[in-house]
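The values are calculated or read from the model by the stated rules, or taken from the named source; none is laboratory data. Keep in mind that this is a model prediction, so the values were computed, not measured. Don't worry about glycine lacking a Cβ; one is built from the backbone with ideal geometry, like all the others, and counts go over all protein chains shown. The protein model used for the area step is the full one, side chains on, heavy atoms only, and it has no ligands, DNA or RNA in it. Shrake-Rupley method; radii C 1.70, N 1.55, O 1.52, S 1.80 Å.
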Amino acid sequence: MRRQFPPTSKLMWSMKMLTRRGMLAGLLSLAAAPVLASETRPVRTAVIKRPAKLDAVIDISHMTTVHDFMLARKRSNILGVIHKASEGGDWRDPMYAKRRSQAEAAGLLWGAYHYGTHQHSGVDQALMFLASARPGPTTLMALDFEFNDQNPSNTMRLRQAEDFVRAVLDATGRRPLIYTNASWADGEPMGNPRHSLGGAVTEHSILASCPLWLADYRTEPQLPGAWSAKGWHFWQYAGDTENGGPRGARARSVSGVDRCDRNIFKGDAATLRNFWQKEAGRKVSA
């Protein structure tokens, strides 16, 4: 049955219907209207780029067995080798010269390090190192400045390390890397009986002006205070022994080389080469 309306009710009903139709038409026109370009821009979120880290540098000594440096480069992506050249003031690594020619022939970046001791002055040790390493324009140099756990009384002191760096700087115009760990550089006692530097390396020391080669086998390394504002360039994250780090023997495995330490560089391959050339070949002011 059709519903009946009185005259006044019918008029009111007609007006409501017109109002509803107008509202519907307005909504449809809004839907069909073009949207401004500014309203279609995607919401951009900030992308934080983390610095690249390259696991491509090893350090070795005469105790390392090297089968083929070319295999290390091609299969394990090794780009640089830092070899022990000398220790104290009277010992040279007998494999240094031979390994240098082999590594350079394989296209690897070459570096030399000196293990500091207490028996000889810092200057005498620097002269011994330079005579043994014979650094060329592309040889990266480093001082191994750490607690001597095999002979604690023969541990290099802070003054000796500073004299070593000054002597190398005077002779070559270049500063060596400083290989150390946070505990030792910050003056914390180590060993049994306990030994220490007698004070921390400060930001005013010439050592702090050298690039840091940080030794720390934990998952995240701890910076020494003197380098807290500069950070590290190389991080030795795994040693050549079975307990040399939390990542296991597989992380330390390198094709063609046995018993090597692994080091991460903060940057990519191009940055590594640029850094190596800069630190090895460019003269710097004292």
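For the stretch 144-179, name all the residues that are of a type in the set (Ser, Thr, Tyr) and either in a strand (DSSP E or B) or farther than 21 Å from residue 211 by Cβ (or both).
Of everything in the stretch 144-179, those that are of a type in the set (Ser, Thr, Tyr) and either in a strand (DSSP E or B) or farther than 21 Å from residue 211 by Cβ (or both) turn out to be 153, 155, 179.
A quick yes/no check of all residues on (1) of a type outside the set (S, T, N, Q); (2) farther than 20 Å from residue 152 by Cβ:
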{"residue": "187", "(1), (2)": "yes, no"}
{"residue": "195", "(1), (2)": "yes, no"}
{"residue": "199", "(1), (2)": "yes, no"}
{"residue": "215", "(1), (2)": "yes, no"}
{"residue": "219", "(1), (2)": "no, yes"}
{"residue": "227", "(1), (2)": "yes, yes"}
{"residue": "234", "(1), (2)": "yes, yes"}
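Six or more apart or on different chains, Cβ atoms under 6 Å: show the pairs whose first residue is in the stretch 106-129 and β-branched (Val, Ile, Thr) and whose second is outside any strand (DSSP E or B).
What qualifies is 117/88; 117/154; 117/156; 123/163; 123/167.
Check off (1) more than 21 Å from residue 112 (Cα to Cα); (2) at pLDDT 95 or above; (3) among the hydrophobic types (A, V, I, L, M, F, W, C); (4) more than 16 Å from the chain's Cα centre (by Cα) for residue 197 and give me the number that stays unchecked.
(2)
From 215, 185, grab the single residue that is modelled with pLDDT of 95 or more, among the aliphatic types (A, V, I, L, M) and open to solvent by 10 Å² or more (accessible area, probe 1.4 Å).
After ruling out the rest, the residue left standing is 215.
Enumerate the pairs (first residue in the stretch 132-148 and more than 16 Å from residue 178 (Cα to Cα) and modelled with pLDDT of 95 or more; second residue anywhere and crowded, with 19+ Cβ neighbours inside 10 Å and not aliphatic (A, V, I, L, M)) with beta-carbon separation below 6 Å, excluding pairs fewer than 6 apart on the same chain, so at least 6 apart or on different chains.
If the second residue must be crowded, with 19+ Cβ neighbours inside 10 Å and not aliphatic (A, V, I, L, M), the pairs left are 132/86.
For residue 129, are the conditions met, namely being modelled with pLDDT of 95 or more, touching a His at 6+ places or on another chain (Cβ under 7 Å) and not polar (S, T, N, Q)?
Considered against the rule, which asks whether it is modelled with pLDDT of 95 or more, touching a His at 6+ places or on another chain (Cβ under 7 Å) and not polar (S, T, N, Q), residue 129 comes out as yes.
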